[in-house]
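One structure is given below, encoded as structure tokens.
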Amino acid sequence: MSQYENYAPYATGADTLEITNTLFRKVYQYMAFGLILTSFFAWFSVSNASMVKFLFSSQVPMIVLCIIELGLVFGLGIAISKISAGTALLLFLLYSVINGMTCSVLLLVYTSESVYKAFLSTAGMFGVMSLYGLYTKRDLTGMGSFLRMGLFGLIIAMVINIFVGSSMAEFYISIFGVIIFMGLTAYDTAKIKQLSVSLNGADDQAMGKVAVIGALELYLDFINLFIYLLRIFGRKRD
């Protein structure tokens, strides 16, 4: 059962459109703030000599940070019904900061021009797919299981290629990753919209928690889409 479904009992006859607009304003605001934090800490991590030494002197710091990231994502999903909306938001923002530090390696591998172009391309593609998910009249529910299977296959392919080391396989994996996360952007947006119906009459805490979880999912869609686009079109530093 999705954590979203926990709020279904709050449903009343309130204005659904107003609730939907309020929810999405919060979702996009939280997501944008998370991306700003990630961008800043990625830049800061490669601009500060002490941070560069700390993060890249060995593999240990990155491994620890990645473990913390996974813990935050899964922990937030599990504990969302037990913590306040403010705590959930703080955990999301903390995740955004740590993710900026782990993603800083991309700024060392790829040229600044490639990063900027990939970010702008991601913003455009994300915007189109999110708007599609928000305004389409098609039922995207059936996409969920297909996309989850695709994501699982993507992870398996990436793990296998770690040992194989094929650049051609990496290219096709990246293309597949772009397709998967474009689909997930539309699907997650539609899921949040559908959920807004069950939030009629919900209090601010319930609204805030759902907004944080929605922001986290769309944030992850954006970040992964950016990484795969950068792998496809990015130019590495000499």
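Nothing in this text is a laboratory measurement; each read-out follows from the coordinates by a stated rule. Since this is a predicted model, take the numbers as computed values, not measurements. When we count neighbours, we look across all protein chains shown, and the Cβ atoms used for this are built from the backbone with ideal geometry, even at glycine.
Give the shape of the chain as rounded, prolate or oblate, defined through the alpha-carbon gyration tensor: a ≥ b ≥ c are the square roots of its eigenvalues, a/c under 1.5 means rounded, and otherwise the shape is prolate if a/b is larger than b/c and oblate if not. Spell out each step's value before the answer.
Values: a/c = 1.96, a/b = 1.52, b/c = 1.29.
Prolate is the answer for the chain, as a/c is 1.5 or above and a/b outweighs b/c.
Shape verdict for the range 88-138, please, from the Cα gyration tensor: rounded (a/c under 1.5), prolate (a/b greater than b/c) or oblate. Because a/c hits 1.5 or more and a/b fails to exceed b/c, the range 88-138 counts as oblate.
Classify the range 76-200 as rounded, prolate or oblate from the Cα gyration tensor: take a ≥ b ≥ c as the square roots of its eigenvalues, call it rounded if a/c is under 1.5, otherwise prolate when a/b beats b/c and oblate if not. If you can, show how the numbers build up before the last one.
On the way: a/c = 1.64, a/b = 1.33, b/c = 1.24.
Since a/c reaches 1.5 and a/b is larger than b/c, the shape of the range 76-200 is classed as prolate.
Each Cα pair under 8 Å and six or more residues apart adds its separation to the average, and for the chain the resulting relative contact order is 38 percent.
Within the range 22-94, list the trypsin sites (Lys or Arg not before Pro) lying in a DSSP loop whose Cβ has at most 10 other Cβ atoms in a 10 Å radius.
Numbers: sites: Arg25, Lys26, Lys53, Lys82; in loops: Lys82.
Sites meeting the loop and neighbour criteria: Lys82.
The angle between the Cα long axis of helix 60-79 and the longest principal axis of the Cα atoms of the chain comes to about 10 degrees, rounded to the nearest 10.
Look at Phe163, Phe56, Phe181 and count the other Cβ atoms within 10 Å of each Cβ; fewest to most, that gives Phe163, Phe56, Phe181. Compared with the dominant Cα axis of the chain, that is its longest principal axis, helix 112-135 is turned about 20°.
Taking other Cβ atoms within 10 Å as a rough exposure proxy, Leu23, Leu225, Leu134, Leu106 sort from fewest to most as Leu134, Leu106, Leu23, Leu225. Using the average count of surrounding beta-carbon atoms within 10 Å as a protection proxy, the listed peptides 83-91, 34-42 rank, highest first, as 34-42, 83-91. Rounded to the nearest 500, the helix-only mean residue ellipticity at 222 nm of the chain stands at -28500 deg cm²/dmol, with each DSSP H run of n ≥ 4 adding -39,500 (n - 2.57).
Modelled label positions at Lys82 and Ser112, each set 7 Å beyond Cα in the direction of Cβ, lie 4.6 nm from each other.
If neighbour count is taken as other Cβ atoms inside 10 Å, put Asp203, Asp188 in order from fewest to most.
On the way: Asp203 11, Asp188 25.
By the 10 Å Cβ count, ascending, the order reads Asp203, Asp188.
Using R₀ = 35 Å, calculate the FRET efficiency as 1/(1 + (r/R₀)^6) where r is the Cβ-Cβ separation of Ser57 and Val197; round to 0.05. Taking R0 as 35 Å, the efficiency between Ser57 and Val197 is 0.10.
Between the listed residues Phe33, Ser196, Ile63, the Cα displaced farthest toward the positive end of the dipole of the range 15-233, a dipole computed from Cβ unit charges relative to the Cα centre, is found at Ile63.
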